[in-house]
Amino acid sequence: MRIRALTVRIIRQFLKDRRTLALLLIAPLLLLTLMKFVLDSPPVSPKIGTVHLPREIAAALGQTGADMASYGDSGEAMEALRGGKLDAVLVAADAHAELVLEGSNPARSRAVLAVVQQAMQALNPAAGQLRPSIRYLRGNGGTDTFDYYGCVLVGFISFFFVFLVAGVSFLRERTTGTLQRLLATPLRRGEVVAGYLLGFGLFTIVQATLIIGFAIGVLGIALEGSVALVLLMNLLLALAALTLGTLLSAYAQNEFQMFQFIPLVVVPQIFFCGLVDLDAMPTWLRTIGNILPLYYGADALRGIMLRAAGWKDVWPDALALAGFSALFAGLNVLALRKHRRI
Amino acid sequence: MSSVLSPSSSSSSSSSSSVHLSLDVAGVSRSFGKRPVLENISLSVGRGEIFGLLGPSGSGKTTLVRLVIGLDVPDRGDIRLLGERVPSLSLLRRIGYMAQSDALYGELTGRENIAFFAALLGLRGRELKRRIEEKAELVQLSDHLHKPVRLYSGGMKRRLSLAVALVHEPELLVLDEPTVGIDPVLRKSIWEELDRLRVRGVTILVTTHVMDEAEKCDRLAMIRDGRVTAVGTPDELKAASGSSTMEDAFVAYGKGGRP
C-alpha cells in the first residue's frame, strides 16, 4: 500500500512535468535518428593527387574507389596536400614512385595505404615492381588515434563542464532569490552578465591551461602548432560554453531541467566536432554542424595541434566563437528583462 | 465640499508637497496573464512614516512591493518614489530592500555577504568596514560574521538580510515580512531600530500579516484580493470598523472587501 502511494505519486509528478516526459520518450528517438544519419554516411573515399602517374596504375587506383586528381607538377600537388584538399600525393618519376601521406588523420592514412596496396595487387605482378616509397607530411606515421580524437576531446570536455557549472550556478542565483536581490540594486543587467563572464572566465583560463598541459605533458598528445594559440582557442570555446550555459539556465526551473539540456545541446555537438568524418555527411546535416560552437572550436584545435595551423588559418574559427559568445551574452541580457524591466 | 480627502484633491496636492511625500502610488493595476493581482491601488506614504501593508498571503503585497522597487512594472497607473518616477536605476541606490526569502550566498560568510551587496551599492574601503560592523552590531550578528551563512539559523539569516538592506543607509526601507522566524525579543529590538530610523527621516514600507506588528505602524493599508480595502492609523481602522482589536478590524474589512 505504501509502495503504491509512492508509485502513484511518481506517475502523477511525471505526467505534470511534460518537459521531462518528452525528454524521456522523444529525445532518445531524436538522438538515435541523428546517430543513424551521422554514422550511416558512406565511407569516405581517400583523395589522392597524382603526378605523372602511368595510366594503367591511375586506372587501377580509380577502380578501388579512390578519389583521383591529376596534377601537372609535384609542387602544385604538395600545395593541395598541405592545404588539406588531398589525403595523399602519388608521384611517379621513371621507375620510382613516392607516396606522400598527409598523416594527421590516422583513419584516412590507413584508407590511402589500403587502396594503394589493392591497386598494386590488381595490376599484373610485373608492374608491381613499382613499389612506392612512403613518406608522411605530418606526424611521421606516428599520429595515433588518441592524437587525432584527443585534440577534439580536449575542447569537448572543457565545453561540457563549463556549460554545466556556469548554467547551474546562474540557475541557483535565480532559484535562491539572490538574482532578484541583485536586481534590487542599481546593477545593470549587462553588468550581471559581464560579472559572470569575468568571474567564471578566470576559472576557465585555469581549466584550459590544466587540461591542455595535462594532455600534452602527461598524456603526450601531438602538438605541431603553438601552445598559446591552442590555449586561446580553448578559452574562446569555454566562453561560448559559459554564455550558452547561463543563457539556457533561464529556461530551466531547477538543476534537473538544466541537466536535461545535456542530451539536447551537448551530445549532438559531439557528432559534428570531427569525431565522425564530416566529409561524408549530407549537406543539410553538415549545415547543422555549422551552427554549433564546438564545430569551430574542434576545427581550430585540430588544425593547430595536428597541422601546425597558425593564426591566419584559425582566425575565422576564433571569430565564429567570439560571435557565438557575444550573441549568447546579448540574449542573456534580454532574458534578464523577465526579472527587471530596466 | 463635504469630502476633505477626495482622490482628486490628494493627487493634486502630491505634486506641490512631493518633498514630504516618499511614495505615491496612483491607480496601479497589474495582472499576470488573465489573473488580476492588483486592481487600482492608490497609496501615499509621507517621509519618515512607517507604513504597513496588511493582508493575508496571496493578497498581492509582494507584487505591490516589487512594483514599488521597480523590479516589475504596472500595467496601468503610476508610481513615484522620493520624487522620481519608478522604475529608475538611480532610485535603487536610495532604497533598502529585504525580500521575503533570504537571498544570501550560503558558501560565503556573513561579512562577505554584506560586503558584496554594499560594494554593489558603491561602498568602499574603511567606510565599508565601518558600516558592516555597525549593522552587524545592530542585528546582533557581530559574533557570527565569520561563519558561512549556510550554518546560520533561520532567524540569523533574517537578521543578516536586514543588515544587508540597511548597509547603505537608504532613505526608503522596503521590508517584505521582515520578522518571520525571528524570536519575540529580537523582533522587539528590530522594531525599536525601525523607530529610530523613522526619527532620522527614513521612510519604511513593511508588509506583514502579524497583527501586533501592524499596531506598531503609523498607518496601514489593508489589502485583500488585490484591492486596498482601508487606509488609516491602527486606531482609526479599529474605530471605523467598531472593533477592539486589530485582528477583528482586519476580519471586518476583509469581509467588506469581498465582492
Chain A: angle of helix A:145-175 to the longest principal axis, Cα-based, in degrees nearest 10: 10 degrees
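Summing -39500 (n - 2.57) over the DSSP H runs of n ≥ 4 in chain B and dividing by its residue number, what mean residue ellipticity at 222 nm do you reach, to the nearest 500 deg cm²/dmol?
Working: 10 runs with 101 residues, N = 259.
Mean residue ellipticity at 222 nm (helix-derived): -11500 deg cm²/dmol.
Return the percentage of antiparallel bridges among DSSP beta bridges fully within the protein assembly as shown, rounded to the nearest 5 %.
45 percent
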Additional length obtainable on full extension of the chain from B:Glu137 to B:Asp75, 0.36 nm per residue less Cα span: 18.2 nm
Per-pair calculated FRET efficiency, R0 = 51 Å: A:Asp67 and A:Val8 via Cβ, rounded to 0.05: 0.25
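Taking each residue in A:184-192, count the Cβ atoms of any other chain within 10 Å of its Cβ, then average. What number comes out? Intermediate values should be presented prior to the final figure.
Values: counts 15, 13, 11, 5, 1, 0, 0, 1, 0.
For this peptide, the per-residue mean of nearby foreign Cβ atoms is 5.
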Residue among B:Asp102, B:Asp78, B:Asp183 with the largest mean-square fluctuation in a Gaussian network model of chain B, springs linking Cα atoms under 10 Å: B:Asp183
Convex hull per residue volume in Å³, alpha carbons only, for the protein assembly as shown: 227 Å³
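Between A:Glu98 and B:Ala119, what FRET efficiency comes out of the Förster formula 1/(1 + (r/R0)^6) with R0 = 60 Å and r the beta carbon distance, rounded to 0.05? Walk me through the numbers before you get to the answer.
On the way: r = 68 Å, r/R0 = 1.13.
Computed FRET efficiency for B:Ala119 and A:Glu98 comes out at 0.35.
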Of B:Pro148, B:Pro178, B:Pro87, the one that fluctuates the most in a GNM where chain B has Cα springs shorter than 10 Å: B:Pro148
Ranked A:Thr185, B:Thr233, A:Thr246, criterion: other C-beta atoms within 10 Å, fewest first: B:Thr233, A:Thr185, A:Thr246
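Divide by every residue of chain A the summed helix terms, -39500 (n - 2.57) for each DSSP H run of at least 4, and state the resulting mean residue ellipticity at 222 nm, rounded to the nearest 500 deg cm²/dmol. Can you show the working numbers first?
Numbers: 15 runs with 213 residues, N = 342.
Theoretical 222 nm ellipticity from helices: -20000 deg cm²/dmol.
Over the whole of B:100-107, what's the average partner chain Cβ count within 10 Å per residue? Rounded to a whole number, please.
Details: counts 1, 6, 4, 9, 4, 5, 3, 0.
Mean number of neighbouring Cβ atoms from other chains: 4.
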Share antiparallel - DSSP beta bridges, chain A, percent rounded to 5: 30 percent
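To the nearest 0.05, how large is the calculated FRET efficiency for B:Lys34 and A:Asp17 if R₀ is 22 Å and r is the Cβ-Cβ distance? Mind showing how you got there, number by number?
Working: r = 24 Å, r/R0 = 1.08.
According to the calculation, E is roughly 0.40.
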DSSP-defined beta bridges in chain B - what % are antiparallel, rounded to 5: 55 percent
Projected label distance in nm at B:Lys129 and A:Asp279, using a 7 Å step from Cα toward the beta-carbon: 6.7 nm
Distance in nm between pseudo-label sites at A:Ala27 and B:Lys147 (7 Å out along the Cβ direction from Cα): 4.0 nm
Added length on full extension, which subtracts the Cα-Cα distance from 0.36 nm per residue, A:Arg55 to A:Arg188: 40.8 nm
Nearest-ten-degree value, helix A:27-39 long axis tilted from longest Cα axis of chain A: 10 degrees
Length released on extending from A:Val227 to A:Val267, taking residue separation times 0.36 nm less the Cα-Cα span: 11.7 nm
Estimated inter-spin distance, A:Gln117 and B:Glu192, nm [label 7 Å along Cα→Cβ]: 9.3 nm
Partner chain coverage, peptide A:172-181 - average Cβ within 10 angstrom: 5
Most mobile of A:Gly225, A:Gly75, A:Gly310 in a GNM of chain A (Cα contacts under 10 Å): A:Gly75
Whole-Å distance, taken between Cα centres, linking the stretch B:210-259 and the stretch A:45-116: 91 Å
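Rule-based calculations on the coordinates, nothing more; no lab input. Everything numeric in this text was worked out from a predicted model, so none of it was measured. Note that we place each Cβ from the backbone using ideal geometry, even for glycine, and neighbour counts take in every protein chain shown.
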